[in-house]
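Everything on this sheet refers to the single structure shown next.
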Amino acid sequence: MKYLEGPFAPVIEEVTAYDLPVTGRVPAELNGRYLRNGPNPLGVEDPVVHIWGMGQGMVHGVRLRDGQAEWYRNRFVRAPGFAPMVHVIEHARRTFAMAEGGLPPAELDEELNTVGVCELGGTAEGFTAGAHAKHDPLTGELHSLSYMVGRDFVQHIVTDAGGTVVQSTGIPMTRTPFMHDFALTENHVVVWDTPLGFDGFDCRWLPEHPTRVGVMPRTGGDVRWLDIDPVHVSHTLNAYDDGDSIVVDLVTAEGPFDPADPGAIRPTLDRWTITTDGIHRRRVDDRPQDFPRVNQARATRPYRYGYSAATALYGIPFAPEGMPPDDAFTNALVKHDLERGTTEVHGFGKDEAVGEAVFAAAGQGEDEGYLLTYVHDPLRNASDLVILSAQDFTGEPVARVHLPVRVPLGLHGNWMPDR
């Protein structure tokens with residue numbers, strides 16, 4: 001079972017380490033915590049039927065301050081059942097581990113210990129904020145799209161900058177969909193209802209179910225549904241309004257999608273332009289990639305740069321433009337210039353394992369900052385926090401913070417600067 005082995009293998013112990021060794025220089029302007037969540041299953045009874053993404057969440061974090069790497073911590077999220085294992089966010093000056101499918105978030109303290117299960121985004125119908133909740137950088141609001149197994153509707157939930165729910169809108173569905181992500185613009189919420197959904201409590205690809213895209217005003221109201229050819233949607237890079245159109249950049253793949261084998265697809269980066277007469281789909285990059293991220297200051301607005309990862313989850317080589325396949329990277333980070341239609345690729349060693357990278361701003365320019373990600377170093381059998389300059393993307397890392405243990409390939413995280 002590959003999702004319990006190699007770069008996916010869970011770690012057993014909670015570890016705390018101080019004054020981490022560094023190769024290079026930690027930028028003095030990076031003061032805060034880089035946190036990432038992911039499944040860390042223990043005691044799997046039958047590995048053959050194990051589903052990656054299930055199991056106890058574990059948050060891994062590094063504290064940077066004044067050019068130093070002060071500490072590394074990994075902590076289990078201690079909550080009943082499948083503790084939140086998908087994402088970790090900050091809102092209203094509090095830190096939350098996030099789940100989906102009706103599981104509530106858990107609040108964490110500054111040192112990643114679990115405070116307890118909480119009701120972030122809680123509504124009268126029992127929903128809470130979902131895993132891919134999105135901040136609007138201009139309003140400070142947190143928007144989420146939440147589903148619950150057994151419910152034939154989803155909710156768009158808006159929480160203000162202080163943590164109070166100010167709006168919730170139900171969106172009727174024909175069954176419980178698997179809505180892992182959605183898109184948010186200045187004026188709209190965009191959702192996708194794909195063949196991936198729940199048949200009872202089993203999540204599976206239902207080929208007879210149509211694929212459609214829903215567009216709803218951010219303030220609530222009726223949803224306009226548009227049918228498209230069947231497709232699996234993985235993650236959103238960003239979205240914005242463009243006059244009467246909506247532009248959504250996202251990672252898609254041909255179905256069917258098997259939740260028990262998420263690495264079996266070939267995800268690519270697409271642009272969907274939603275107009276009054278339909279959806280115009282264009283392939284931005286047909287090379288395998290996922291885990292797209294953007295400078296959060298440009299979220300929901302027009303932007304130029306996006307970042308994605310080619311990871312061992314899919315195990316498909318990613319060849320830089322103009323290079324032969326033999327020079328392809330199994331693990332790489334990609335910078336997209338969406339105005340010029342060009343890419344830059346930062347490749348890692350054959351046996352290294354890179355995950356999602358997040359953008360940490362260090363100025364007002366859209367790419368004035370750094371990319372932070374965990375990379376497994378096979379020579380040490382431990383991981384590094386790798387810091388890349390966004391403006392010198394293909395250059396040597398600005399710093400490698402050497403962690404004492406391995407960080408398994410996981411899901412999503414954030415840079416949480418000091419405020």
When GLY102 is evaluated against the numbered criteria (1) in contact with a Lys or Arg (Cβ under 9 Å, 6 or more places away or on another chain); (2) in contact (Cβ under 8 Å) with a residue 12 or more places away in the chain; (3) open to solvent by 40 Å² or more (accessible area, probe 1.4 Å), which criterion, by number, is the only one it fails? (3)
Among the residues of the stretch 123-130, is there at least one that is open to solvent by less than 60 Å² (accessible area, probe 1.4 Å) and of a type in the set (Val, Ile, Thr)? yes
Counting residues that are over 22 Å from the mean Cα position of the chain (by Cα), which strands (runs of 3 or more DSSP E) fully inside the stretch 185-247 reach at least 3? 211-217, 224-228
Condition first: more than 15 Å from VAL231 (Cα to Cα), open to solvent by less than 40 Å² (accessible area, probe 1.4 Å) and either basic (Lys, Arg) or in contact (Cβ under 8 Å) with a residue 24 or more places away in the chain (or both). Can you find one or more residues in the stretch 264-271 that meet it? no
Would you mind stating whether HIS143 is assigned to a strand (DSSP E or B), within 25 Å of ASP249 (Cα to Cα), at pLDDT 95 or above and not hydroxyl-bearing (Ser, Thr, Tyr)? yes
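Which count do you get for residues in the stretch 276-305 that are assigned to a strand (DSSP E or B) and farther than 24 Å from VAL354 by Cβ?
5
Quick check: anything in the stretch 291-303 on the phi > 0 side of the Ramachandran plot, of a type outside the set (D, E, K, R) and buried (at least 21 other Cβ atoms within 10 Å of the Cβ)?
yes
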Taking the stretch 24-62 as the search range and keeping residues that are in contact with a Phe, Trp or Tyr (Cβ under 6 Å, 6 or more places away or on another chain) and buried (at least 22 other Cβ atoms within 10 Å of the Cβ), which one is farthest from ARG419 (Cα to Cα)? TRP52
Criterion violated by PRO256 - all others in (1) in a strand (DSSP E or B); (2) more than 17 Å from the chain's Cα centre (by Cα); (3) touching a residue at least 60 places away in the same chain (Cβ under 8 Å) satisfied: (1)
Quick check: is even one residue across the stretch 158-169 surrounded by 20 or more Cβ atoms within 10 Å (Cβ to Cβ) and under 21 Å from the mean Cα position of the chain (by Cα)? yes
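The values are calculated or read from the model by the stated rules, or taken from the named source; none is laboratory data. Treat the numbers as computed from the prediction; the structure is a model and nothing was measured. Cβ atoms come from the backbone with ideal geometry, glycine included; neighbour counts cover every protein chain shown. Each accessible area value is taken on the protein alone, full model and side chains, heavy atoms only, with ligands, DNA and RNA left out. Shrake-Rupley method; radii C 1.70, N 1.55, O 1.52, S 1.80 Å.
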